1. Probe of 1.4 angstrom, ligands and nucleic acids ignored: what's the accessible area per residue over chain A, in square angstrom?
2. Using Cα pairs under 8 angstrom and six or more residues apart, how large is the relative contact order of chain A, in percent?
3. How large, in percent, is the carbon and sulfur part of the accessible surface of region A:89-205 at a probe radius of 1.4 Å?
4. What relative contact order, as a whole-number percentage, does region A:33-116 give when Cα pairs under 8 Å and 6 or more residues apart are counted?
5. Using a probe radius of 1.4 Å on protein heavy atoms only, what is the accessible area buried between chains B and A, both sides summed, to the nearest 100 Å²?
6. Treat region A:31-134 as a sphere of radius equal to its Kirkwood radius over Cα pairs and apply Stokes-Einstein at 37 °C in a medium of 0.692 mPa s; give the translational diffusion coefficient in µm²/s, rounded to a whole number.
7. Return the distance in nm (one decimal) between the two label points of a simple spin-label model at A:E127 and A:K211, each offset 7 Å from Cα along Cα→Cβ.
8. Test of understanding: express the Cα radius of gyration of region A:149-259 as a ratio to 2.2 N^0.38 Å, with N the residue count.
Amino acid sequence: MRKLSIFGLVFFGILSLTSMDRVKAQVSSELKTKYRTSLDNYRTSEDQFVIASTQYYTLKTLAAGEEAVRATREVNLSRVDVILTYIEALRSSMDLIPGIELSRKATLVQDLEGLVNSLKGHRARIEIATNRILIENENQFFEANQDTIASICYRALSLIKLGAVQVAFDQLVVTHSDVSTYLSQAPMSETVRSQKQRGSDEVSRIIDEVKTMLAQTLIMYDQNLKNFDSSAFRSIQQSLSQPYNKLTVAKQFVEELTQ
Amino acid sequence: MMVDPSNTDQTSFVESLDFHDDQSSQGTARTPPADKENEKLTTQRKKKTSPLIILLILLFSLFLTIMITTVVFIPRVINPQTSFTPTPQTEQNKSNLPEALTKSIKALEDSVTLADPLTNELPFPPVNFQLHLQ
């Protein structure tokens, strides 16, 4: 009876975890759609802003000025919405990937929350801004925060990429262990066994190499923390390409070992 | 010059005949230069191969090249496909694997596919940070 209850607990635990993952995946997909929609809205309002501001500069009338302020408010709102939705999608992706190193993730989450609060304040100020001066103040605020916004977002993207490779690496370690256990119990000739052993040793070597490469990429991430821009993110991507290629080869080796 | 039909001597008969060289030296029945040029042109035209024949030769050589390429390269293209086709023995081995191991291998495949660092589903938003109304 006790064994049955333990089995039931484990079963429902796994079931709830699986369903939680499904829900998370669905949420992430919905957020991506929401992000794309907000980006489309921004593009439309940016076009309207360009028309309204050009008319204002040409005509210099009060009516044209009013229209330009309205268009600027709209484009500012849709622009900040794009960034807020994007951050939300990044947070969701980060939650979906269990391979992200926890202390770095915690620091980043804190920075993301700070940024979201700052942007929400900016949004609230835009909503009540009725004249050109107030709107222009918010334009300047957003421009001044450009580097901070980009830095935090690129850090999140880098951790997501690092986490994904880490997940693949962890799975390789688990699968390699499973394959080794299976091979040790499977009936086969000594020649085939030694052949399989050599293959397994090759996978072990790849595991060691990938571990070192991932550690180096994490060091690179830490070194770029002060000025994390798009080029730093590209460097992380390039740095991860090598361990990723190794993982692809190791996956192939593991599959061959079981044949 | 008149030829005597009663003369059966071949040597004197031949000598009595007027040849072109004699005519040209006398200048009585000379071919006009324009006719000569025309003759030359016609012989040149005959010598020149017509464009239709050139086209046919080109088409034929193209056909030959395609045939040779097909014969040389097709086996090379087909071979890898056939070599990658798993043998029934391999399929049988895969199906004999324990379920947990099959799941583990599948999880590895999925995680490696998702780990490609060069793909980015969420690129940084292309928004303009320098919007101003002055």
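1. Numbers: 14220 Å² over 259 residues.
Averaged over the residues of chain A, the accessible area is 55 Å².
2. Computed value for chain A: 19 percent relative contact order.
3. Values: 2950 of 5630 Å².
Carbon and sulfur atoms account for 52 percent of the accessible area of region A:89-205.
4. Numbers: 42 pairs, mean separation 29.3, N = 84.
This gives 35 percent for region A:33-116.
5. Numbers: alone 13300 and 16160 Å², together 25280 Å².
For chain B against chain A, roughly 4200 Å² becomes buried.
6. Working: Rh = 15.5 Å.
Estimated via Stokes-Einstein, D reaches 212 µm²/s.
7. Taking the simple label geometry, A:E127 and A:K211 are separated by 5.2 nm.
8. Values: Rg = 17.5 Å, N = 111, 2.2 N^0.38 = 13.2 Å.
Ratio of Rg to 2.2 N^0.38 Å for region A:149-259: 1.33.
The values are calculated or read from the model by the stated rules, or taken from the named source; none is laboratory data. What you see is a predicted model; the values in this text were computed from it and never measured. Cβ sites come from the backbone with ideal geometry, for glycine too, and all protein chains shown count toward neighbours. In case anyone asks, the SASA skips ligands and DNA or RNA and just uses the protein heavy atoms, side chains included. Shrake-Rupley method; radii C 1.70, N 1.55, O 1.52, S 1.80 Å.
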